[in-house]
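Chemist: Below is one structure. I have some questions about it.
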Amino acid sequence: MPEHRVLLIEPFIYHADIAREVCRSLAEQGAEVIVLTAAGPDNADWPGALHVLDTWLALESGPDPAWMHGRLNPLPKVRALARIRSHSRSGAKALGLAMLGFDADRIVMTTSDPLDLFGFRAAGRTDALSLAMVHDPPRGRSSRVAARRITRNVGRQRRRTWLGCITPGMRELYIAAGADPNGVLVVPNPAVQSTPSEAAIPLGQRRLRLSYPGNGRREKGFDFFASAVPKLLTEFDVAAQCYQRGDEPASVAEAARMLHEIDSPRLDLVGGSLSRDDYEALVADSMAVVLPYRPDAYAQGRISAVLPEAWAAGVPVIVSDGWWGADLVRTHGGGAIFNFGDELDLMRAARDVRDNLERMAAEAAAAYEALLEDAGPYAFARFVLDLTPGQTGT
């Protein structure tokens, strides 16, 4: 009989790779794991999992029912409570399907809005210790109400439910929103790649190319980066993924259109998502990876796997100032920092990496090893397995 049985929940398809590594790490540490995800069941893609369940498709409305959007606007408190009740019903159905014949003692959501986990905990179907990773600040009344209710410790019961953040800054935002400080934990960042990239390329064989990997999103600064590309092309090759999920503002769609109108052999545009191997090859064959994230979107601890993935391949990063990526570069080196929105400063940072590439590449590789000491999927899985009833966030 294994010491722990874990239900791993990943509702966000774009973070599936992070969750797969957490699954692998839980299994390596002796836990039995069942996965509940938005993707179709494919056990080969989830190493160590007993079963992979696509139970979201079994729900009639899903965890965020469309009929709630735009309703009850004059009554924000009623609307918030109605959304929570709806999430609770959906959560109860999904949890019931996932837990048939599997008595989990741990439930972990590797991506969540606080509303998501509340659906599972409010259903009252399990005594498992539950941890939900939150990647965004609490937004809207329903999220704030849910965060307070999730973390509330009723009566003399020992705490069994927590929110998890990768930075103290994100934790403080949830506490300011009314969450019990003892119910919000700072946890190891699971998005640090667990092994060096197999696609790593010797420094002398890499292209002097700046790469923007990932989809075109406003919060990732895609529109700003696109506006800077003509200037960057005067000195560097540029590669950019520019596919979109369909919910972007007009400024992002316009930025992608402008990129496609640039006629330059130095510009390589990737219009769709990439396989894992192709993605790693794009990162590895780069002078630097550019992360022009908007500070207001990432400052408190929104997760990003791109920076540690670049360092795992020994590739320096060029990051906007004002979020935790810049803090890591200040601590470890391995890249350059620029002021978001300043195209000239971005060019200055790119030149800085080019002129100090050997040193920064070595710093990037060393920084990756340093991150693995207290972060990554193995450290995160260990944290989940070590949770104890009554553990506090202080």
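Chemist: Treating each Cα of the stretch 203-372 as an identical point scatterer and ignoring solvent, apply the Debye formula and state log10 I(q)/I(0) at q = 0.10 Å⁻¹.
Modeler: Taking Cα atoms of the stretch 203-372 as identical point scatterers yields -0.32.
Chemist: Please list, ordered by chain and number, the residues whose modelled amide H lies under 5 Å from the amide H of T392; skip anything fewer than 5 residues away on the same chain.
Modeler: Placed amide hydrogens put nothing under 5 Å from T392.
Chemist: Can you give me the long-range amide H partners of Y293? Hydrogens built in the peptide plane at 1.01 Å from N, cutoff under 5 Å, separation of 5 or more residues or another chain.
Modeler: Result for Y293 returns S320.
Chemist: In terms of modelled amide H atoms, which long-range or inter-chain residues lie less than 5 Å from the amide H of D237?
Modeler: Here L210 satisfy the definition.
Chemist: From the square roots a ≥ b ≥ c of the eigenvalues of the alpha-carbon gyration tensor of the stretch 177-253, which class results: rounded (a/c under 1.5), prolate (a/b over b/c), or oblate?
Modeler: Taking the square roots of the gyration eigenvalues as a ≥ b ≥ c, the stretch 177-253 is oblate.
Chemist: Then there's this: Given R₀ = 25 Å, what would the calculated FRET efficiency be for R207 paired with N356, taking r from the Cβ atoms and rounding to 0.05?
Modeler: For R207 and N356, the calculated efficiency is 0.90.
Chemist: Follow-up question, since we're still on this one. Hull surface divided by four, with the convex hull built on the Cα atoms of the stretch 295-383: how many nm²?
Modeler: Its Cα hull, projected and averaged over all orientations, spans 5.8 nm².
Chemist: Could you run the Karplus curve 6.51 cos²θ - 1.76 cosθ + 1.60 with θ = phi - 60° over the stretch 338-350 and give me ³J(HN,Hα) per residue in whole Hz, x for Gly and Pro?
Modeler: My calculation for the stretch 338-350 gives 9, 7, 4, x, 9, 5, 5, 6, 4, 4, 4, 5, 4 Hz in order.
Every number here is computed from the coordinates shown, using simple stated rules; none is lab data. Because the structure is a prediction, the values reported are computed rather than measured. No Cβ is skipped: glycine too gets one built from the backbone with ideal geometry, and neighbour counts run over all protein chains shown.
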